[in-house]
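Working notes, structure below.
The values are calculated or read from the model by the stated rules, or taken from the named source; none is laboratory data. Note that the structure is predicted; figures quoted are calculated from it, not measured. No Cβ is skipped: glycine too gets one built from the backbone with ideal geometry, and neighbour counts run over all protein chains shown.
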Amino acid sequence: MFFAPVLSRHPMHIPDGFLSLLVSIIFWMISIIVIRIALRKTNQTLDERQVPLMGVLAAAIFAGQMLNFSVTGGTSGHLLGAAIATILLGPWAAVLVMTSVVIVQALLFQDGGLLALGANIFNMAVVGVFVSYAIYTWLITLFRKQSWGMLFAGFVAAWGSIFVASLSCALQLALSGTSPANIAIPAMGGIHVLIGIGEGLITLGALAFLFVAQKDLLTTQGNIKITNKGILIGGSVIALMLTVLSPLASSHPDGLEWVAEQHGFLENAREALYEFIPDYVMPGISNPALATIAAGILGAIIVFSVAYGVARAEKRVTKGKSLRG
Amino acid sequence: MWQVRMESNSPVHRADARVKVTLTLAFILFLNMAPHQAWPIYILFLTVLLSMILLARMSIWRVIRRTLLVTPFILAAFPLIFSGPVPHLSISIFGSDVIKYSPEGLGRFISIAVKAWLSTSAAIMLTLTTSFPDILTALAYYGVPKLFIAILGLMWRYLFIINDEVLRMMRARDSRSAVTPCTQQVGGSLFWRARVTGSMVGSLLLRSLERSVRLYAAMLSRGYNGELFTLEANALSHTERRILSLGVLLLGVLWGMSLFIGD
């Protein structure tokens, strides 16, 4: 399985089980809204040739994540691709491309969970692209004339997209009560400060190559005009908020835990249900241990009878076939 | 190589993608809604999963091997063992040294690991038994926008071609960066290596852009005018509906029971 190294190295793809249901649903909703807007914008502003372009580039970025270079020991630098996609395609198309990449990673290679997919799309496709766009646009306007300005902006945008996305990932884990904020945020942020450098260097190399090979690609499509004020502001706000919020959250983990507990209304609802239902469900069993065992046996019977029924049906089908054949 | 779908003619393989997608999502959703430390329920979910693996006539080891990909992430939940809620117990190692841990936190950690493993296995089952175009048709049926389905479909078609291209590029790089026994370092300085990789990415993107232009021309010559056509899925049969609702009901019952068991 040669693709194993591709899959096991992103410490940013959250599997299922690590996020609380509420956090999963919130980020699913945010991601769906952003994707909807991105679909509308690309439909409006871009011609029909964008469909093959986005499809092929999504495949290229997915496969390009295999390209790595050794740093020291066993570690290697590699590409996530949000920044280079943003610079090449503009933000809205990049959101769609990166979303496709994250979806295929989750659906086909289990790199990231399905329930957690919303959060993963948010981190890598929304935060990654918006932050890249904001940083790149600010720096490009700052170093307007210099040719190295573009390369520098690309490097910082790539580094920033990784770093801020990792903070977002750590905050999601902390909000879910999975990983304490004072450990998750410094650990995630710390690793990604370094991983981001790898991303930045590769993006820089790619931009330098494209600048030499096909300059118009970067000047017509890539030289982003500030037409997307919304993303510019959104990306800047996300970057600022997360970089300011994270040290705060990590130095006051109790605050975040308090938020997590306050928001754990599902837990509360469950307790309410627990107080409400026992009178109805297992009448006659007052001993909680006994009730547990009874529920377990009941569940086992249901599961096995269903499995048995399916197996029986299957056997009958194959028997019928073999008789006929 | 890219072992994505295992060909077989089991009932699970033959089942409609919509049924499988929905049941997989229901499995993951209900499992993750179950409280922490509801051990008996986890075993029941495992039973469901195992019976599906058996029904699909797949090797359990293959599924387990693929789930190992998740394991590094479990580190993220590891601190829970020590930072979990009070009371903290202490275990002494080597006499005087004492480690304080929270039994509650340990329970949560194991619960998260179990849930992550079960969810991943369920997702792997879906991948191994369902072809990606079928999954896309199911997603289109559930209202995912056409444009997005089209992008995903094209991405899927070109994934393997471009993957091969990347492999060729990497082989070319490897064959030009020989390692002598005395210097373990491959190629030049770190910056140089990063730049080479960057150039490879750049050239990959450039080739892909050109490929997309050719693809667009090919699509145009076959009458593409911006209108997207996707396969229309036919309505679910009566049996499929019954399997679907029974499955969701079963998983829902498991979740309901977990509310009385977990903590």
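What the table below lists for this structure:
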quantity	calculated
Unique match (being in contact with a Phe, Trp or Tyr (Cβ under 7 Å, 6 or more places away or on another chain) and among the small types (Gly, Ala, Ser)) among A:Ala82, A:Ala93, A:Ala59	A:Ala59
Among the candidates A:Leu107, A:Leu80, residue that is under 15 Å from the mean Cα position of the chain (by Cα), more than 7 Å from chain B (Cβ to nearest Cβ) and at pLDDT below 90	A:Leu80
Breaking point among (1) part of a helix (DSSP H, G or I); (2) in contact with a Lys or Arg (Cβ under 6 Å, 6 or more places away or on another chain), for A:Gln105	(2)
Residues of region B:238-259 satisfying the condition of being over 23 Å from B:Trp39 (Cα atoms) and without any contact (Cβ under 8 Å) to a residue 12 or more places away in the chain	B:His238, B:Thr239, B:Arg241, B:Arg242, B:Ser245, B:Leu246
Sole residue being assigned to a helix (DSSP H, G or I), more than 26 Å from B:Val63 (Cβ to Cβ) and either out of contact with any Asp or Glu (no Cβ under 7 Å at 6 or more places or on another chain) or free of Cβ contacts under 8 Å to residues at least 60 places away in the same chain (or both), chosen from B:Leu159, B:Leu206, B:Leu136, B:Leu128	B:Leu206
Selected residue (criterion: farthest from the other protein chains (Cβ to nearest Cβ)) from residues of region A:194-203 that are crowded, with 24+ Cβ neighbours inside 10 Å and out of contact with any strand residue (DSSP E or B) (no Cβ under 8 Å at 6 or more places or on another chain)	A:Gly196
Number of positions in region A:46-60 that are facing chain B (nearest Cβ under 8 Å) and assigned to a helix (DSSP H, G or I)	10
Residue that is farthest from A:Ser31 (Cα to Cα) [pool: residues in region A:172-191 that are touching a Leu at 6+ places or on another chain (Cβ under 7 Å) and more than 12 Å from chain B (Cβ to nearest Cβ)]	A:Gly189
Of residues in region A:116-127 being in contact with a Leu (Cβ under 7 Å, 6 or more places away or on another chain) and assigned to a helix (DSSP H, G or I), the one surrounded by the most Cβ atoms within 10 Å (Cβ to Cβ)	A:Ala119
The one condition in (1) under 17 Å from the mean Cα position of the chain (by Cα); (2) part of a helix (DSSP H, G or I); (3) not acidic (Asp, Glu) that A:Gly113 fails to fulfil	(2)
Residue check for A:Asn43: polar (S, T, N, Q), within 10 Å of chain B (Cβ to nearest Cβ), surrounded by fewer than 23 Cβ atoms within 10 Å (Cβ to Cβ) and under 30 Å from B:Val21 (Cα atoms)	yes
Of all residues making up region A:128-152, the number that are within 14 Å of chain B (Cβ to nearest Cβ) and in contact with a Leu (Cβ under 6 Å, 6 or more places away or on another chain)	1
Some residue of region B:2-14 being on the phi < 0 side of the Ramachandran plot, acidic (Asp, Glu) and surrounded by 19 or more Cβ atoms within 10 Å (Cβ to Cβ)	no
